[in-house]
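The values are calculated or read from the model by the stated rules, or taken from the named source; none is laboratory data. Predicted, not measured: the structure shown is a model, and the values here were computed from it. Cβ sites come from the backbone with ideal geometry, for glycine too, and all protein chains shown count toward neighbours.
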Amino acid sequence: MAKSKPRVKAPKKASKGDIVTIKTLISHIMETGLRKNKKTGKIIPRRIINKFQAKFEGTEIFSVDLDPAISANPFFQFSMKAEKSGEFEFIWTDDNGEVYSKKSKLTVS
Amino acid sequence: MKDLSRREVLALGSTAAAAALFINPLTAHAETDLAKDLMKKFTGGKAATAGKIKLEMPEIAENGNTVPLSFTVESPMTKKDYVKRVIIIAGGNPRPEVATFNFSHLSGVAKASSRMRLAKTQNVIAVAELSDGSFHMAKTEVKVTIGGCGG
């Protein structure tokens, strides 16, 4: 599988008190663990992103516990109330232990 | 009025049979045990009242591999009064759990979107847990043309 590439669309600027919308997507197969290899009849082992976290200045604003029913290339859209300038950090955790992350700065005026 | 010919009678019969086939999946509305168990686990046995949460999904999903999902919970989202968690349950899938969304008062609004898999036509349920300990639910039926858990 190709390396998982996280993509984030978050605003760079906001006015204080605004509710900003953030969109994230990561390329990932999200193998359910229920499919069988057609040739061998063996079950393909589960491999999904099992946790997604969105932090702002180190505090968690939103997170998701994922189960195999989330589609491949998990997409999330969510919001945050902009109170101060700071940095977002988005973290995806893979079943195999790998962690992917991405950061984005927000300036609040 | 003339009597119905044999051909016409047969045609009527098959139409009725086809209609029955279409109605059947709709009458199979009761939640599956899997979904009920998961809901009980989430609420700790408490009853979830309908309302406050709105679940938006397409009525017909052609491809069950990626079905858009979006929900909104009515809440001021302050430190004292906010939405803690929202669970999405698909009782007709081999495994009913879809995802649990965890919010905080920093979220601003309790609203999120994602994409999910659906194995077949079924009811999708969303249950929200509020900071005051109450539970609210919404459900919507999605008709699936091609299931999304094929192997």
If you take the residues in the range A:56-78 that are among the charged types (D, E, K, R) and facing chain B (nearest Cβ under 7 Å), which one is surrounded by the most Cβ atoms within 10 Å (Cβ to Cβ)? A:D67
In the range B:86-114, the residues that are in a loop (DSSP other than H, G, I, E, B), within 7 Å of chain A (Cβ to nearest Cβ) and either touching a Cys at 6+ places or on another chain (Cβ under 6 Å) or not small (G, A, S) (or both): B:N93, B:P94, B:R95, B:V109
Taking the residues in the range A:3-17 that are surrounded by fewer than 17 Cβ atoms within 10 Å (Cβ to Cβ) and either in contact with a Cys (Cβ under 9 Å, 6 or more places away or on another chain) or assigned to a loop (DSSP other than H, G, I, E, B) (or both) as candidates, determine which candidate is nearest to the other protein chains (Cβ to nearest Cβ). A:G17
How many residues are buried (at least 18 other Cβ atoms within 10 Å of the Cβ) and within 12 Å of chain A (Cβ to nearest Cβ) when one looks only at the range B:134-151? 2
Identify, please: which residue in the range B:115-133 is of a type in the set (A, V, I, L, M, F, W, C) and facing chain A (nearest Cβ under 9 Å) and is, among those, surrounded by the fewest Cβ atoms within 10 Å (Cβ to Cβ)? B:A119
Single condition B:D81 does not satisfy, out of (1) closer than 21 Å to A:K81 by Cα; (2) in contact (Cβ under 8 Å) with a residue 40 or more places away in the chain; (3) part of a strand (DSSP E or B): (3)
Cβ pairs under 7 Å, 6+ apart or interchain, first in the range A:39-60 and over 24 Å from A:I29 (Cα atoms), second of a type in the set (A, V, I, L, M), ordered by first then second residue, are A:K55/A:I61; A:F56/A:M80; A:F56/B:L106; A:T59/B:L106
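Among the residues of the range A:94-105, how many are under 14 Å from A:K55 (Cα atoms) and either within 8 Å of another protein chain (Cβ to nearest Cβ) or not aromatic (F, W, Y) (or both)? Spell out the reasoning first.
Taking the range A:94-105 as the starting set, the residues that turn out to be under 14 Å from A:K55 (Cα atoms) are A:100-105.
Keeping just the survivors that are either within 8 Å of another protein chain (Cβ to nearest Cβ) or not aromatic (F, W, Y) (or both) gives A:101-105.
Looking only at that region, the number is 5.
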Which one is nearest to the other protein chains (Cβ to nearest Cβ) among residues in the range A:22-49 that are crowded, with 19+ Cβ neighbours inside 10 Å and under 13 Å from the mean Cα position of the chain (by Cα)? A:M30
Residue match in the range A:1-23 (condition: touching a strand residue (DSSP E or B) at 6+ places or on another chain (Cβ under 8 Å), hydrophobic (A, V, I, L, M, F, W, C), modelled with pLDDT of 95 or more and over 14 Å from A:L106 (Cα atoms)): no
Determine if the range B:49-70 includes at least one residue that is in contact (Cβ under 8 Å) with a residue 24 or more places away in the chain, within 14 Å of chain A (Cβ to nearest Cβ), assigned to a strand (DSSP E or B) and of a type in the set (V, I, T). yes
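State which residue is nearest to A:L66 (Cα to Cα) when the search covers only the range A:18-44 and only residues that are assigned to a loop (DSSP other than H, G, I, E, B) and touching a Leu at 6+ places or on another chain (Cβ under 9 Å). Walk me through it before giving the result.
At the first step, the residues of the range A:18-44 found to be assigned to a loop (DSSP other than H, G, I, E, B) are A:18, A:27-30, A:32-35, A:37-42, A:44.
Filter once more, keeping what is touching a Leu at 6+ places or on another chain (Cβ under 9 Å): A:30, A:44.
Details: A:M30: 10, A:I44: 19 Å.
Looking at the filtered set, the residue picked out is A:M30.
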What tally of residues in the range B:72-82 results from selecting those that are under 27 Å from B:L118 (Cβ atoms) and within 11 Å of chain A (Cβ to nearest Cβ)? 1
